[in-house]
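Taken together, the values in this text are just the output of simple stated rules run on the coordinates, not laboratory data. Everything quoted here is computed from the prediction, not taken from an experiment. FYI the Cβ positions are ideal-geometry reconstructions off the backbone, even for glycines, and counts take in every protein chain you see.
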């Protein structure tokens, strides 16, 4: 199985849908996986799986708000693998997210 770490900037409609299905009421501390990346930084993620891939999606305020406001119809005009389809929530779009510097 492939293991892929996904930052909010690379979140696709397909992965977002998987997250919302797995965590319909949101995720909590018990769902968060923490590890050190190659740079020695601690990374916190939640996990979703497909038949051939494990996605570790980095936890952020943007992710939480996007999951809370998820509506499948918002993404019907986009391909499932289009990372530009998922945009930051409006109230956070102008704020700097400290996770943006971690890739």
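The gain in end-to-end length when the residue 52 to residue 23 segment is fully stretched comes to 8.4 nm, 0.36 nm per residue minus the alpha carbon separation.
A crude spin-label estimate for the pair residue 71 and residue 5, with each label 7 Å from Cα along the Cβ direction, gives 3.4 nm. Based on the alpha-carbon gyration tensor of segment 46-85 and its eigenvalue square roots a ≥ b ≥ c, which shape applies: rounded if a/c is under 1.5, prolate if not and a/b is larger than b/c, or oblate? Oblate, since a/c reaches 1.5 and b/c is not below a/b.
Considering only beta bridges that DSSP places wholly inside the chain, some 65 percent are antiparallel. For the chain, relative contact order (Cα pairs under 8 Å, six or more residues apart, normalised by length) works out to 38 percent.
Considering the chain at the alpha-carbon level, its Rg and Dmax are found to be 13.2, 39 Å. Paramagnetic label reach from residue 33 (point 7 Å along Cα→Cβ; backbone nitrogen cut-off under 12 Å): within segment 3-20, residues 3-6.
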